[in-house]
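The values are calculated or read from the model by the stated rules, or taken from the named source; none is laboratory data. Given the structure is predicted, the values throughout are model-derived calculations rather than measurements. So basically every Cβ, Gly included, is an ideal-geometry build from the backbone, and we count neighbours across all protein chains shown. Side chains included, ligands, DNA and RNA excluded: accessible areas come from the protein's heavy atoms. Shrake-Rupley method; radii C 1.70, N 1.55, O 1.52, S 1.80 Å.
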Amino acid sequence: MMPTEYFLAHIWLIPLFPLAGAALMLFIGRRLPNAGVNVICVGSVFLSMCFAFGAIWQLIARPAEERVVSYALFDWVPAGIMHTNAGRIVDFHVPWGVLMDPLTAVMLLVVTGVGFLIHVYSTGYMSHEGGYYRFFGYLNLFMFSMLTLILANNLLLLFVGWEGVGLCSYLLIGFYFLKKSASDAGKKAFIVNRIGDAGFILGLFLMLGTLGTIQFTEIGPAIAAGHFAVGDAALTAIALLLFVGATGKSAQLPLYVWLPDAMEGPTPVSALIHAATMVTAGVYMIARTNAVFSMAPKALAVIAVVGGVTSLFAATMGLVQNDIKRVLAYSTVSQLGYMFLACGVGAFTAGVFHLMTHAFFKACLFLGSGSVIHALSGEQDMRKMGALWTKIPTTAKTFFVASIAIAGLPPLAAFFSKDAILGATFEHNKPLWVVGFITAGMTAFYMFRLVFMTFFGQSRVDHEVEHHIHESPGSMTVPLMILAALSIVGGWVGIPASLGGGDRFAKFLEPVMAKHAEEGAEAATQAASGISMELGLMLASVLVAFFGIWFAYNWYIKHPDKPEKLAGSVPFLYKLLYNKYYVDQIYDAMFVNRIKDLALTLGSFDVGVINGLGVDGSGWLTRVTSRISMVWDSWIVDGLVNLAARIVWVLSFPVRMLQTGRVSRYAGFMLLGVLIFLAYYFRNSGIDFGKLIH
């Protein structure tokens, strides 16, 4: 690296700033006023954003072929010599290292930029909530985990961040832990994600055994060195196992059920974790390992089908939901399905492009819904809203802009990213294009159903609440305005050649993506359809969006009695959609209740054995077996454990005198060590902080 590339050389600091904020909240957060919490937690994310933007700027300044920075901080897992399944001998080790390339740059832009805005918004939204310092500590810990995930230069370190965001999701969804529905939702998210993570880690081990490496920059060369054919069974299995992990994290069929319930958490959590960052980790992981997926066409076909079906399936449920946040939750599941559809047809760049634009408008929508809820004293039912356009104008206008964006109308952001997905899908799988096309119309309908029910028509707000309606403070509305602006211009970096643009986004990501897959898709597009077909597809998607908006206007503004009449005419279909196809009930019957039955069976095992012997529980046999069990537990099981502990106690003198058993003291020593290290590093780095600030 060149001497002037300070930020690129120090990208490892980007996750450490929010980690320091989270640690401080653990130790001293309870004693700080809200303003002190804001300075530490919001300030730490601001520092991460500044370093990230500086690194992105320096990366873009490099020639396209040199936009890869990867280095190890230390050797993390030195495993030594190993034999791969393909017969190669490799010296395997896993560094704790960082990777900066165009794909990382896009994710850093989204995570730090949108994350900072959501932190600022949270200072207003959570200002009157208890546990203020705890909430921001969790947010900072999440930022550390997510930044670790996207900066990791190998799959194992990515998995550390992957599990970290899963833990933070559990903590933040269940933030209102005294509320049973919130604590249940947190546990549900945690358990469902563990199912997907089991597939992820199996895929990681299989990749290691097959390729002999899990470092991202070495995966492509390892595939080439192993002379793997397209469609190789091992590569297909790796891709499918990794995709299982992605279905859990990114809420795809059949593991999507946790995300709608995650709306029990505070609204900023929904915006940060369940719209802009964590749920897109699955898409990012597939794009990052595209060298494997591009060699597994059967796995890509599965991804495309799951993504397409999920997008339509979730959209149908969003048509009839009345909770403003749940409509957006099903919309998120649907839009994530679009991203997987793109990856499944080989258009990894289009999937990442939609990931970026979706972060802008969906964060704006979630934060806008939070502003509505804030104005209505906690009300989330759209049937108790209406006519809010003039009462909370900033919220209404920004929400309206983001709704136009997600509907896919030009020239807003999603028009370009969504049409890139539909265009690639049309070339590879026309039945799935039909699915995506219908979903686009449904998206426009349910989003403007939300807009019309919330901001237009007659007021249905409760009389007591109506007198207290007020616009949110500047800490909440300013982030909304910035995100609304990004919802307009965020897609302009990817204007295609057919509309006079240079498709700069695709060219920027080109060095990271599997060239044969991307070039094949581009060649197929040019040969089979040409510019006229591409423009025709764009026109069709715009028309179906207008059609969906017109339907919403006709049903919820012009003839507001129509939806109720339609629901009454097809009650079975309405109940099926309203009850979300009864999937949760089916899962409860098949899995949850059966596990509970098993737990009860095992819990009563001793009684069952005694009863099975046909003797009275108070008889001699019961007393004998009880005595034997007590002696065994006390003298054998507990005795061996206590003996091992006593041996360690004797041999550990005098070091054990430092082990007080107080977690807070241990953590204090760790924090002190980190601060000493950072002080030593900055003292000897020769940094002129005056010049750095100016």
(request) With r as the distance between the Cβ atoms of residue 631 and residue 50 and R0 = 45 Å, compute the FRET efficiency 1/(1 + (r/R0)^6) and round to 0.05. (result) 0.10
(request) Return the long-range amide H neighbours of residue 94 (sequence gap of 5 or more, or a different chain), with a cut-off of under 5 Å between placed amide H atoms. (result) 76, 77, 79
(request) For residue 648 and residue 589, calculate 0.36 nm times their separation in residues minus their Cα-Cα distance, and state this gained length in nm to one decimal. (result) 16.5 nm
(request) When a/c is below 1.5 the answer is rounded, else prolate if a/b is larger than b/c, else oblate, so apply that to the range 247-311 with a ≥ b ≥ c taken from the square roots of the Cα gyration tensor eigenvalues. (result) oblate
(message) Just the number please: accessible area per residue for the chain, 1.4 Å probe, all protein chains included, in Å².
(response) 44
(message) If DNA, RNA and ligands are ignored and the probe is 1.4 Å, what is the ranking of 188, 179, 565 by accessible area, most exposed first?
(response) 565, 179, 188
(request) May I ask you to derive the FRET efficiency for residue 468 and residue 581 from their Cβ-Cβ distance with R0 = 41 Å, giving the value to the nearest 0.05? (result) 0.65
(request) Quickly work out the residue 179-to-residue 194 label distance, labels modelled 7 Å from Cα along the C-beta direction, and quote it in nm with one decimal. (result) 2.5
(message) Just to check I understand the Karplus step: with θ = phi - 60° and J = 6.51 cos²θ - 1.76 cosθ + 1.60, what whole-Hz values come out for the range 71-81, glycine and proline as x?
(response) 8, 9, 7, 6, 7, 8, 10, x, 7, x, 6
(message) I need the shape label for the range 306-443. Rule: rounded when a/c is under 1.5, else prolate if a/b > b/c, else oblate, with a, b, c from the alpha carbon gyration tensor.
(response) prolate
(request) Ratio to report: Rg/Rh of the range 17-69, with Cα atoms as the point set and Rh obtained by the Kirkwood method; give two decimals. (result) 1.25
(request) Quick one: which residues, 5+ away or cross-chain, put their amide H under 5 Å from the amide H of residue 70? H built at 1.01 Å from N. (result) 100
(message) Could you order the peptides 575-586, 149-160, 293-304, 350-361 from most to least packed, using the average number of other C-beta atoms within 10 Å per residue?
(response) 350-361, 149-160, 293-304, 575-586
(request) Mind ranking 683, 88, 134, 665 by accessible surface for me, highest first, 1.4 Å probe? (result) 683, 665, 88, 134
(message) Per residue of the range 302-315, what does 6.51 cos²θ - 1.76 cosθ + 1.60 with θ = phi - 60° give for ³J(HN,Hα)? Whole Hz please, x for Gly and Pro, Karplus curve as stated.
(response) 4, 4, 4, 5, 4, x, x, 5, 4, 4, 6, 4, 5, 5
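When the accessible area of the chain is split by element with a 1.4 Å probe, what percent falls to carbon and sulfur?
69
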(request) For the chain, calculate the relative contact order in percent as a whole number, restricting contacts to Cα pairs under 8 Å that are 6 or more residues apart. (result) 11
(request) First check a/c for the chain, with a ≥ b ≥ c the square roots of the eigenvalues of its C-alpha gyration tensor; if it is under 1.5, answer rounded, and if not, answer prolate when a/b is larger than b/c or oblate otherwise. (result) rounded
(request) Quick one: go through the range 180-220 and flag any residue whose amide nitrogen is under 17 Å from the point 7 Å out along the Cα-to-Cβ line of residue 129. (result) 180-187
(request) Only Cα pairs under 8 Å and at least 6 apart count here; give the relative contact order of the range 14-68 as a rounded whole percent. (result) 44
